[in-house]
Amino acid sequence: MIKKIPWWLKIIIKIIFSRLPMKYSFWQSIGLFRHGKMDNTDYSIRVFKEHLYKSNIKSIKNKVILEIGPGDSIATAIISYAYGASSFLIDSGYFAKANIIDYIRLKNALISEELNPPNISNKDDIDLILKKSNSEYLTEGLSSIKKIPSNSVDLIFSQAVMEHIRKKNFEAMNSELYRVLKKDGVISHQIDLRDHLGGGLNNLRFSDNLWESKFFVKSGFYTNRIGFDKMISIFENLSFKYEIINVQKWKLLPIKKYKINKKYRAQDEENLKVKVFDILLRK
Ligand SMILES: C[S@@+](CC[C@H](N)C(=O)[O-])C[C@H]1O[C@@H](n2cnc3c(N)ncnc32)[C@H](O)[C@@H]1O
């Protein structure tokens, strides 16, 4: 039903609802505000395996993994351990569900794949699961990354996260990722440039002043609107070597060009047509 709501009504609903005094877990349970799908067993295993496959790392035994933006689950901690690795999970808030049944389901799925997850029981809580998984879950975004030692991480990945990092922090965040990555490490991002109002480009209608205002940023539909070319040039300027391994494009722009704010309208149309892309970054 929520899919049929027009983009502008979604903005209004989210602005109002995000100001009601409910806990995130309530919105999560009714699906109005959610941070992705990592609480789904199949999705979390698939995402993890896809980043491993794309990064072309043969084995992650005894390696260090960092996931940026794990969203509603600490699944990556459990999956990394099952492969023999330790991990950091960094988000901008404490969004992981405390539903231990989900983590037991994940453990069982990993065992059925002949992997070695930690021994999670229904008496455990999130902190104990993290401890058993040799993992740290840090929830202060940029400040959290600063706590990780330089040249210490073998694989960093993110799934639908880079577009959510505040525009004003984007370079600083990626500069930190450069710092913590080992010399022979690799970063794998899947970046979704569609708006979070129905999967179009309605986010580009707005001026930076309004879109970057606290009022909009705190309403649950923020994306930084850094386009494909611009993101790549930021990665390049930070000295990353990059490899684009997949680009999905719209055949036609999903919005009439004249409706796009003039700052964003000036971009090349082929650049605006990029919906989702996968990129590897190395030092
Ligand atoms: C669309 S959700 C994706 C969640 C998960 N990766 C998935 O695929 O289900 C975006 C995530 O990025 C996180 N995020 C946004 N800004 C961040 C930051 N500065 N540092 C770390 N995570 C951030 C959000 O809190 C959220 O968990």
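The values are calculated or read from the model by the stated rules, or taken from the named source; none is laboratory data. Bear in mind that the values here come from a model prediction, so they are computed numbers and not experimental data. As a convention, Cβ positions derive from the backbone with ideal geometry for all residues, glycine included, and neighbour counts pool all protein chains shown.
Here is a yes/no grid of residues against (1) aliphatic (A, V, I, L, M); (2) touching a Ser or Thr at 6+ places or on another chain (Cβ under 8 Å); (3) modelled with pLDDT under 95; (4) crowded, with 17+ Cβ neighbours inside 10 Å:
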site: LEU115; (1), (2), (3), (4): yes, no, no, no
site: ASN122; (1), (2), (3), (4): no, no, yes, no
site: ASP125; (1), (2), (3), (4): no, no, no, no
site: SER143; (1), (2), (3), (4): no, no, no, no
site: GLN159; (1), (2), (3), (4): no, no, no, yes
site: LYS183; (1), (2), (3), (4): no, no, no, no
site: VAL186; (1), (2), (3), (4): yes, yes, no, yes
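Name the residues in region 162-196 that are assigned to a loop (DSSP other than H, G, I, E, B) and either among the acidic types (Asp, Glu) or in contact (Cβ under 8 Å) with a residue 40 or more places away in the chain (or both), would you? Reasoning before the result, please.
Of region 162-196, the ones assigned to a loop (DSSP other than H, G, I, E, B) are 165-166, 193-196.
Answer for region 162-196, where residues must be assigned to a loop (DSSP other than H, G, I, E, B) and either among the acidic types (Asp, Glu) or in contact (Cβ under 8 Å) with a residue 40 or more places away in the chain (or both): ILE165, ARG166, LEU193, ARG194, ASP195.
Assess whether GLU176 counts as being surrounded by fewer than 19 Cβ atoms within 10 Å (Cβ to Cβ) and at negative phi.
Considered against the rule, which asks whether it is surrounded by fewer than 19 Cβ atoms within 10 Å (Cβ to Cβ) and at negative phi, GLU176 comes out as no.
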Q: Identify all residues within region 75-111 that are within 16 Å of the chain's Cα centre (by Cα) and of a type in the set (Gly, Ala, Ser); write none if there are none.
A: ALA75, ALA77, SER87, SER92, GLY93, ALA96
Q. Could you list, in sequence order, the residues of region 6-37 that are part of a loop (DSSP other than H, G, I, E, B) and modelled with pLDDT under 85?
A. SER18, ARG19, LEU20, PRO21, MET22, LYS23, GLY31, LEU32, PHE33, ARG34, HIS35, GLY36
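Say we look at region 45-88 and pick out the residues that are small (Gly, Ala, Ser) and within 18 Å of ASN119 (Cβ to Cβ); which of these is surrounded by the fewest Cβ atoms within 10 Å (Cβ to Cβ)?
The initial filter retains those residues of region 45-88 that are small (Gly, Ala, Ser), namely 55, 59, 69, 71, 73, 75, 77, 80, 82, 84-87.
Now restrict to residues that are within 18 Å of ASN119 (Cβ to Cβ): 75, 77, 80, 82, 84-87.
Working: ALA75: 28, ALA77: 31, SER80: 26, ALA82: 22, GLY84: 14, ALA85: 23, SER86: 17, SER87: 27.
This residue is GLY84.
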Q) So which residues in region 226-283 are free of Cβ contacts under 8 Å to residues at least 60 places away in the same chain and of a type in the set (Phe, Trp, Tyr)? A) PHE228, TYR242, TRP250, TYR258
**Q.** Residues of region 193-213 that turn out to be surrounded by fewer than 18 Cβ atoms within 10 Å (Cβ to Cβ) and within 13 Å of the ligand (Cβ to nearest atom), as a count
**A.** 1
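Being polar (S, T, N, Q), within 30 Å of ILE57 (Cα to Cα) and either at pLDDT below 95 or assigned to a helix (DSSP H, G or I) (or both) is the requirement here; does SER219 meet it? Give the derivation first.
Working: polar (S, T, N, Q): yes; within 30 Å of ILE57 (Cα to Cα): no; either at pLDDT below 95 or assigned to a helix (DSSP H, G or I) (or both): yes.
Criteria not met by SER219.
Being touching a residue at least 40 places away in the same chain (Cβ under 8 Å) and acidic (Asp, Glu) is the filter here; which residues of region 114-150 pass it? First the steps, then the outcome.
So the first thing to find is which residues in region 114-150 are touching a residue at least 40 places away in the same chain (Cβ under 8 Å), and the list is 118, 120, 126, 129-130, 132-141, 144-145, 148.
Across region 114-150, the qualifying residues are GLU136, GLU140.
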